[in-house]
Amino acid sequence: MTDESTADPKESTFLVTHADDESAVLKDVHDGQVHTLASNPGVEIDDAIEGTVAPDPPMAVSWQLTEIDERRSLSIAESAEPPTAREQELAADQPVGELTTEPRAGTGELHILTVPEDDTATAVDDVLDDREATLSRAARLGVNRVEIRSEPGVVSVRYLP
């Protein structure tokens, strides 16, 4: 285990999970480590930050965001559109309760879940409620938005640029 008082700067992709005028909390989307910033350099909740954090001297109990290489705002929303024909085709080939992950043409990823028809709305709500995990995945994939489409028995989670 690393002694935080001797922690080195860390370059990664972070999700801003909390932000107010005085501080912010960044979660490393690759290893899950949480970094509480001693001050807020202007980031907002649901921002994805590619940059570097360093321990705040002298005690290293908080961090500073020392470099921002890229900052983008992430969003997650439910769409009124049904899953695409391709997504429906993938769902037709998998049993209920399964998940298929497929790269998108270009940037992003598709997650197609098959669920009992009566549980479709609950499954969509579960994805929306697990905001931090869903947006962490979006940050890892380098995309800006997550769109959730559904029809009875099928939920499509689309990670889009």
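Computed values, structure above
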{"quantity": "³J(HN,Hα), Karplus 6.51/-1.76/1.60, whole Hz, each residue of segment 75-90, x for Gly, Pro", "calculated": "9, 9, 8, 8, 9, 7, 6, x, x, 5, 4, 5, 5, 5, 4, 5"}
{"quantity": "For ARG104, residues with placed amide H under 5 Å, excluding near neighbours", "calculated": "GLU109, LEU110"}
{"quantity": "Whole-number percent relative contact order across segment 1-130, with pairs defined as alpha carbons under 8 Å at least 6 apart", "calculated": "17"}
{"quantity": "Portion, in percent, of the accessible area of the chain that falls on carbon or sulfur, probe 1.4 Å", "calculated": "46"}
{"quantity": "Binned Cα-Cα distance frequencies in segment 53-95 - 10 Å width, integer %", "calculated": "19, 20, 18, 15, 21, 7"}
{"quantity": "Using distinct alpha-carbon pairs, which all enter the 1/r mean, Kirkwood radius of the chain in Å", "calculated": "17.0"}
{"quantity": "Protection proxy ranking of 37-43, 102-108, 133-139 - average other beta-carbon atoms within 10 Å, highest first", "calculated": "133-139, 37-43, 102-108"}
{"quantity": "Simple Cβ-charge dipole of segment 1-106, Lys/Arg +1 and Asp/Glu -1, about Cα centre, in debye nearest 20", "calculated": "80"}
{"quantity": "Contour minus Cα-Cα distance for SER23 and GLU11 (0.36 nm per residue)", "calculated": "2.4 nm"}
{"quantity": "For peptides 58-65, 151-158, sequence by mean Cβ density within 10 Å, most packed first", "calculated": "151-158, 58-65"}
{"quantity": "Built amide H within the under 5 Å cut-off of GLU78, gap 5+", "calculated": "ILE148"}
{"quantity": "Ranking by accessible area, most exposed first, for ILE68, ILE49 with a 1.4 Å probe", "calculated": "ILE68, ILE49"}
{"quantity": "Cut-off under 5 Å, modelled amide H: who pairs with ALA24 long-range", "calculated": "LEU37, SER39"}
{"quantity": "Segment ALA80-SER39, length gained on full extension (0.36 nm per residue, minus Cα span)", "calculated": "10.8 nm"}
{"quantity": "Segment ASP56-GLN88, length gained on full extension (0.36 nm per residue, minus Cα span)", "calculated": "6.5 nm"}
{"quantity": "Rounded accessible area per residue of segment 6-161, 1.4 Å, Å²", "calculated": "51"}
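The values are calculated or read from the model by the stated rules, or taken from the named source; none is laboratory data. Keep in mind it's a predicted model, so treat the numbers as computed, not measured. Cβ coordinates were reconstructed from backbone atoms using ideal geometry, including for glycine residues, and neighbour counts include every protein chain displayed. Areas reflect the complete protein model, heavy atoms only, side chains present, ligands, DNA and RNA absent. Shrake-Rupley method; radii C 1.70, N 1.55, O 1.52, S 1.80 Å.
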